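Notes for the one structure printed next.
Nothing in this text is a laboratory measurement; each read-out follows from the coordinates by a stated rule. None of these values were measured; they are calculated from a predicted model. We place every Cβ from the backbone using ideal geometry, glycine too, and count neighbours over all the protein chains shown.
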Amino acid sequence: QVQLVESGGGLVQAGGSLRLSCAASGIIFSFYVMGWYRQAPGKERELVATITSGGAANYADSVKGRFTISRDNAKNTVSLQMNSLKPEDTAVYYCNAALRRADHWGRGTQVTVSS
C-alpha cells in the first residue's frame, strides 16, 4: 500500500520560512519523480516543484529563488524548504510520486502565510 505523509505545515508571517517533508512508503522511492503541488481556495491544484531520481529540480516561476526541493533516497523522503513566504503562498501543499502511469498523492498539509 502506497503512503505519502506530509508534515511541516503551519501558520507563518510573511517573509518567514517553513520546511515541508514527505515520507513515502510502499514504493521503490528512488525510481519516482517526486513533487510538491499546492491548491489555494477556489483555485486549481498547481505545480510547485519536482525532483527526479537523480536530483534534477524544476520549479514554478512563482517560487523560483525562494523554494528549494530536495530528496533523500536512503530515507524515502522529499522536502520543500520555503523561504521569503508570501500571503499568496497560502494553500494546501500535496506531495506527489509519479512514475509512468503511476501517480500517488498525499493528503496534504496546510500552509498559511499572514500579511
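How high is the FRET efficiency between Asn73 and Ser17 when r is their beta carbon distance and R₀ equals 25 Å, given to the nearest 0.05? According to the calculation, E is roughly 0.55. A simple spin-label model places pseudo-atoms 7 Å from Cα toward Cβ; at Ala40 and Gln81 they are separated by 2.5 nm. With the simple spin-label model, which puts each label point 7 Å out from Cα in the Cβ direction, the Gln1 to Glu88 separation comes to 4.0 nm. Take every pair of alpha-carbon atoms less than 8 Å apart whose residues are at least six positions apart; their mean separation over the length of the chain yields a relative contact order of 36 percent. In order along the range 27-33, the Karplus-derived 3J(HN,Hα) couplings, from 6.51 cos²θ - 1.76 cosθ + 1.60 at θ = phi - 60°, round to 9, 7, 3, 5, 7, 8, 7 Hz, and Gly and Pro are given as x.
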